Every structure is written in C-alpha cells, then in structure tokens.
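Student: Input: one structure, supplied below.
The values are calculated or read from the model by the stated rules, or taken from the named source; none is laboratory data. Just so we're clear, the structure is a prediction, and the values are computed from it rather than from any experiment. Here Cβ is always computed from backbone atoms with ideal geometry, including for glycine, and neighbour counts include all displayed protein chains. What goes into the accessible areas is simple: the full protein's heavy atoms, side chains included, and nothing from ligands, DNA or RNA. Shrake-Rupley method; radii C 1.70, N 1.55, O 1.52, S 1.80 Å.
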Amino acid sequence: MPQVRPAEQSAAPSGATQACWSCGGPTPGEAPFCVTCRAVQPPGDVDHFRRLGLERAFAVDRAELERRYFDLQRRLHPDRFATRTAREKALSQAQAVSLNEAYETLADPLKRAVYLLHLAGMDVLSEGCNQIADPVILMEAMEMREALAAAQSAAQVELFAANITADIEECVDDLATAFRKNDLDEAAKLTTRLRYLRKLIDDSRARRAGKS
C-alpha cells in the first residue's frame, strides 16, 4: 500500500456563493466577475476543476482545458486592469495566480492524480521513491534503478528512457481506469508508481546530458 495520510482540507462545497465586494450581491464562488455589476471578484475557496468549469475527473479533455484557461487568462490578465482601482488590480492578480495554479495542476497527469486523491482525503507522500511501502512497486523501482545504473552507452540509456516512457503512458491509462472505477487505493498505488517513473526519466536525461 502507498503511504497516505488524511488530507488537511478540501475544496469548498459545490454551489457556494460569496457576496460581491462592490455591490454586495450574491455571486457563485467560482465566478471571476460579479454576475450583477461585473466587478472582478476574489479567487474564492473553490477547487481547480470548478475554477476552470470542468468536471472533477482524471480524464481531462486537454483541448477544452486549454480553451477555458486561455479564455479566462485573457479576461483576467492584470494588464486589463492597469487603469482600475488598487483593489481591482490586486484581485485580478490574485485571480491570475489561482488560474495559473489550477491550469498547471490539471494539465499534468501526476499533479492531477495527486490533487484528486487530496480532494478525496488521501495525500500521497511527496518524497516519492524513498517512501514506497508497496513491496511490488518497491522491487520494480529498485530493479529499474539498477538497470539505469548498468546502462553504459548512450544507446543503452536511450533504450532505457524509451521503455520508461512507454511505462509512463501505460501507467497514466491505468490511472484513468482506477479513477473511473473510483478505486482510490489502486489510484494511490499508481500515482506513487508514476512519480518514481517520472524521476527515472529525469535521471536518464541527466545521464544523457553527462550530469551523472
């Protein structure tokens, strides 16, 4: 079993509202602008999926994610508020920061998996390979580490990296299946595996660059 611990907090419940700081009217928590007076709002305590108007799921339509992100980024960019009040400038900056964090999390399969588990109350430890508790995953990680160390030529390192890349793609597909079945224990194991596979790719790149 991967090591997990209870999440410290979860996102705001769906449907939460906040009062507009400008007109006082109720506005959906994830709305970047007041629905009445159109004033830019604070980011609010909403999860990354709601912020981008997407269903909470591991399977994310990358084209739709980017369409929503770039549309909101264009509307909330601080440059558009350069002539507004100091409060509106600060809020647009805060919105842009939250939007970038949401996009960077949901665009990356590993970060997205870790985030979904966190929302479900499970935190996969960030230390990765050094904290693997599952004996099967631990043995695989040790064998792969030994295989990388044994690779002597550039061609051998290239072949190793190609095999790991294929393993990563397979692991991401398996993660999508686990989340679709709501099998969070399996998703946590696969997230741990994806983390160390990513680390191996980074290490193989360092080998090819002559850094290790």
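Student: Determine whether VAL46 is more than 30 Å from LEU194 (Cβ to Cβ), in contact with a Gly (Cβ under 8 Å, 6 or more places away or on another chain) and either charged (D, E, K, R) or in a loop (DSSP other than H, G, I, E, B) (or both).
Tutor: So VAL46 does not fit the description; no.
Student: For the structure I just gave you, tell me whether ASP79 is over 30 Å from THR177 (Cβ atoms), open to solvent by 70 Å² or more (accessible area, probe 1.4 Å) and in contact (Cβ under 8 Å) with a residue 24 or more places away in the chain.
Tutor: Taking the combined requirement at face value, the residue does not satisfy it.
Student: Against the condition within 30 Å of LEU54 (Cα to Cα) and at pLDDT below 90, how does GLU127 come out, does it pass?
Tutor: It is true that GLU127 is within 30 Å of LEU54 (Cα to Cα) and at pLDDT below 90.
Student: Counting only residues that are open to solvent by 30 Å² or more (accessible area, probe 1.4 Å), part of a helix (DSSP H, G or I) and polar (S, T, N, Q), how many does region 160-212 have?
Tutor: Of the residues in that region, 3 qualify.
Student: Same structure again: List the pairs whose first member sits in region 169-189 and is over 14 Å from ALA57 (Cβ atoms), whose second member is among the β-branched types (Val, Ile, Thr) and surrounded by fewer than 14 Cβ atoms within 10 Å (Cβ to Cβ), and whose Cβ atoms are under 9 Å apart, counting only residues at least 6 apart or on separate chains?
Tutor: Cβ pairs passing all conditions: LYS189/VAL136.
Student: Sticking with this one: Of all residues in region 53-76 being farther than 22 Å from VAL172 by Cα, touching a residue at least 40 places away in the same chain (Cβ under 8 Å) and in contact with a helix residue (DSSP H, G or I) (Cβ under 7 Å, 6 or more places away or on another chain), which is most open to solvent (accessible area, probe 1.4 Å)?
Tutor: Ranking the candidates gives LEU72 first.
Student: Among the numbered criteria (1) under 22 Å from the mean Cα position of the chain (by Cα); (2) surrounded by 14 or more Cβ atoms within 10 Å (Cβ to Cβ), which single criterion is violated by GLU104?
Tutor: (2)
Student: Can you name every residue in region 140-157 that is in a loop (DSSP other than H, G, I, E, B) and open to solvent by less than 90 Å² (accessible area, probe 1.4 Å)?
Tutor: Of everything in region 140-157, those that are in a loop (DSSP other than H, G, I, E, B) and open to solvent by less than 90 Å² (accessible area, probe 1.4 Å) turn out to be ALA151, SER153.
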